[in-house]
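Student: Here it is, the structure, as structure tokens.
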Amino acid sequence: MAEVESFSLDHTKVRAPYVRLAGRKTLAGGVVEKYDLRLAQPNREALPTGALHTLEHLLAGYLRDHLEGVIDLSPMGCRTGFYLVVEGPLGEEKVLVAFERALRDVLLHEGPVPGASFRECGNYRDHDLPGAKAWAERLLRQGLRVQATVPLEGA
């Protein structure tokens with residue numbers, strides 16, 4: 001099986017919430033970077049699916065408002081954060097600032113969740129705007145930081 005970057009990260013030594021450069025690929029047309037936007041401490045907590053799903057919908061738009069070159073934002077299956085894929089190079093600090101601004105936008109969001117109707121969403125019933133706002137407030141209160149990659153020993 002091919003090597004997967006996240007499987008070589010020592011999840012016991014990282015401290016959420018954080019932004020971490022998880023990968024960089026140089027392609028013929030430029031650079032693509034993948035960032036680990038970690039909201040919850042691995043193996044200690046996980047976001048409820050409704051809050052995570054709503055954050056995905058809101059951050060997909062709000063991150064694009066503050067950061068050029070966003071390709072994709074995808075939730076982690078472990079429900080502890082997101083992977084952000086961008087045209088780079090951007091750098092962790094620039095991503096961190098954009099992430100903080102997007103979280104502030106989540107706190108101010110009023111009205112329906114974008115893309116959360118039966119026709120637009122594959123699981124439109126599983127949204128929780130108050131839960132998403134609570135996580136955004138928690139992350140901003142705790143303060144985001146840049147996390148270095150901590151590889152597993154022997155990896």
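The values are calculated or read from the model by the stated rules, or taken from the named source; none is laboratory data. This structure is a prediction, so every number in the text was calculated from the model and none was measured. Every residue, glycine as well, gets a Cβ built from its backbone with ideal geometry; the counts of neighbours run over all protein chains shown. With ligands, DNA and RNA removed, areas are computed over all heavy atoms of the protein, side chains included. Shrake-Rupley method; radii C 1.70, N 1.55, O 1.52, S 1.80 Å.
This table checks each residue for (1) within 15 Å of the chain's Cα centre (by Cα); (2) hydroxyl-bearing (S, T, Y); (3) under 14 Å from P17 (Cα atoms).
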residue: T54; (1), (2), (3): yes, yes, no
residue: V95; (1), (2), (3): yes, no, yes
residue: A116; (1), (2), (3): no, no, no
residue: D126; (1), (2), (3): no, no, no
residue: L140; (1), (2), (3): yes, no, yes
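Student: Turning to a different aspect of this structure: Which ones in the stretch 27-55 are among the hydrophobic types (A, V, I, L, M, F, W, C), surrounded by 15 or more Cβ atoms within 10 Å (Cβ to Cβ) and in a loop (DSSP other than H, G, I, E, B)?
Tutor: L39, A40, A46, L47 - these are the residues of the stretch 27-55 that are among the hydrophobic types (A, V, I, L, M, F, W, C), surrounded by 15 or more Cβ atoms within 10 Å (Cβ to Cβ) and in a loop (DSSP other than H, G, I, E, B).
Student: Checking the structure you have, find out if any residue of the stretch 78-87 is in contact with a Cys (Cβ under 7 Å, 6 or more places away or on another chain) and surrounded by fewer than 22 Cβ atoms within 10 Å (Cβ to Cβ).
Tutor: Within the stretch 78-87, none of the residues are in contact with a Cys (Cβ under 7 Å, 6 or more places away or on another chain) and surrounded by fewer than 22 Cβ atoms within 10 Å (Cβ to Cβ).
Student: Whether any residue in the stretch 89-98 is at pLDDT 95 or above, crowded, with 19+ Cβ neighbours inside 10 Å, under 15 Å from W135 (Cβ atoms) and in contact with a strand residue (DSSP E or B) (Cβ under 8 Å, 6 or more places away or on another chain) is what I want to check.
Tutor: No, because not a single residue in the stretch 89-98 is at pLDDT 95 or above, crowded, with 19+ Cβ neighbours inside 10 Å, under 15 Å from W135 (Cβ atoms) and in contact with a strand residue (DSSP E or B) (Cβ under 8 Å, 6 or more places away or on another chain).
Student: Moving to a separate point now. Identify, please: which residue in the stretch 128-138 is buried (at least 19 other Cβ atoms within 10 Å of the Cβ) and out of contact with any Pro (no Cβ under 8 Å at 6 or more places or on another chain) and is, among those, farthest from R101 (Cα to Cα)?
Tutor: In the first step, residues of the stretch 128-138 are kept if they are buried (at least 19 other Cβ atoms within 10 Å of the Cβ); the result is 128-129, 132-133, 135-136.
Okay, now just the ones that are also out of contact with any Pro (no Cβ under 8 Å at 6 or more places or on another chain), so 129, 132-133, 135-136.
On the way: L129: 17, A132: 15, K133: 13, W135: 14, A136: 10 Å.
Filtering the stretch 128-138 for residues that are buried (at least 19 other Cβ atoms within 10 Å of the Cβ) and out of contact with any Pro (no Cβ under 8 Å at 6 or more places or on another chain), the one farthest from R101 (Cα to Cα) comes out as L129.
Student: Moving on. Scan R125, R119, R104, R141 and give me the residue that is charged (D, E, K, R), surrounded by fewer than 18 Cβ atoms within 10 Å (Cβ to Cβ), part of a helix (DSSP H, G or I) and free of Cβ contacts under 8 Å to residues at least 24 places away in the same chain.
Tutor: Answer to the selection: R141.
Student: Right, something else. Of the residues R24, R15, only one is open to solvent by 30 Å² or more (accessible area, probe 1.4 Å), modelled with pLDDT under 95, among the basic types (K, R) and in contact with a Gly (Cβ under 9 Å, 6 or more places away or on another chain); which?
Tutor: That would be R24, the only listed residue that is open to solvent by 30 Å² or more (accessible area, probe 1.4 Å), modelled with pLDDT under 95, among the basic types (K, R) and in contact with a Gly (Cβ under 9 Å, 6 or more places away or on another chain).
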